[in-house]
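Take a look at the structure below.
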């Protein structure tokens, strides 16, 4: 049965996942603004992908949640730094039975959403390599689009497993991969261990993966960042260990040499980024937990003037 789904933010993640769901016959409303909304209205959504291109026109675009009404599912796909301020504006989308899945990098988004939207919010994350090459135009580079979601730790009224199983089947029916994990907090932090060091070190080094990984000293810096995230996560009660570090490095050594992380690309281009929700977040959480983060402190000092807009573009 087709479901009504709101995709909030139509960059690489929102455009790719929302496009697949719309192509599968679901009623998808894309919440966007500015040039992206104009492009969606005028020419629709374009997805270039090794798993099949999409050209969707017309698509349903809207600027404000208030004009959309209650939906069955909300995929929050804006950059992590926007989540806290955006969350209260999403209340018109949420009714009895609505689920909200955050798709950000970082580890704070679900808590920020739950503060405004309550028990509707799940823990979640996505995994894919994609970029927005123009407003409403997404290029899927590699990795089958993957989503994972589960009840938030400590949720008072989590959805029944049968409800979650139904949504997993829906995503699979749209050609998306669903990652099931018995410990979503661990999986979320392991993703953070993987993605944040690439973005921060890449943003400082300004070279692609292959060049970073070819230099022993830079590999050592990446490893220090991975281990600092592990230490902060463990201090917050997340079950992380040496096997988590080994898993990250197994993936690092399979990266395409020419690739870059989204945080790095945004930093290098001077665009709004997830710096505050990734690198700065580890520094903040480390101070609270009294866990030293010297590698991240140094990267913060190097990247913050540009990332936080305190120097001319």
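The values are calculated or read from the model by the stated rules, or taken from the named source; none is laboratory data. Bear in mind that the values here come from a model prediction, so they are computed numbers and not experimental data. Every residue, glycine as well, gets a Cβ built from its backbone with ideal geometry; the counts of neighbours run over all protein chains shown.
Conditions: (1) surrounded by fewer than 18 Cβ atoms within 10 Å (Cβ to Cβ); (2) more than 26 Å from residue 265 (Cα to Cα); (3) modelled with pLDDT of 95 or more. Residue 22 meets all but one. Number of the miss? Condition (1) is where residue 22 drops out. A single member of 216, 197 is surrounded by fewer than 16 Cβ atoms within 10 Å (Cβ to Cβ), under 30 Å from residue 300 (Cα atoms) and either at pLDDT 95 or above or in the same structural domain as residue 274 (by TED's automatic domain parsing) (or both), and it is 216.
Residue-level check: of (1) touching a residue at least 60 places away in the same chain (Cβ under 8 Å); (2) crowded, with 16+ Cβ neighbours inside 10 Å; (3) over 23 Å from residue 9 (Cα atoms), residue 206 misses just (2). Among the residues of this structure, residue 81 counts as one that is surrounded by fewer than 24 Cβ atoms within 10 Å (Cβ to Cβ) and in a helix (DSSP H, G or I). Scanning region 84-103 for residues that are under 15 Å from residue 119 (Cβ atoms) and part of a helix (DSSP H, G or I) yields 87, 90, 91, 93. The one condition from (1) modelled with pLDDT of 95 or more; (2) under 26 Å from residue 13 (Cα atoms) that residue 289 does not meet is (2). Applying the criterion of being modelled with pLDDT of 95 or more and surrounded by 18 or more Cβ atoms within 10 Å (Cβ to Cβ) to the residues of region 239-261, the residue that is nearest to residue 142 (Cα to Cα) is 252. For region 107-127, the criterion of being closer than 23 Å to residue 25 by Cα, in a strand (DSSP E or B) and at pLDDT 95 or above is met by none of the residues. Condition check for residue 172 on (1) out of contact with any strand residue (DSSP E or B) (no Cβ under 6 Å at 6 or more places or on another chain); (2) in a helix (DSSP H, G or I): one failure, at (1). Counting only helices (runs of 4 or more DSSP H) that sit completely within region 238-313, those holding 2 or more residues that are within 24 Å of residue 184 (Cα to Cα) correspond to 242-252, 262-269, 279-289. Exposed (fewer than 15 other Cβ atoms within 10 Å of the Cβ) and touching a helix residue (DSSP H, G or I) at 6+ places or on another chain (Cβ under 6 Å): does that describe residue 66? Considered against the rule, which asks whether it is exposed (fewer than 15 other Cβ atoms within 10 Å of the Cβ) and touching a helix residue (DSSP H, G or I) at 6+ places or on another chain (Cβ under 6 Å), residue 66 comes out as yes.
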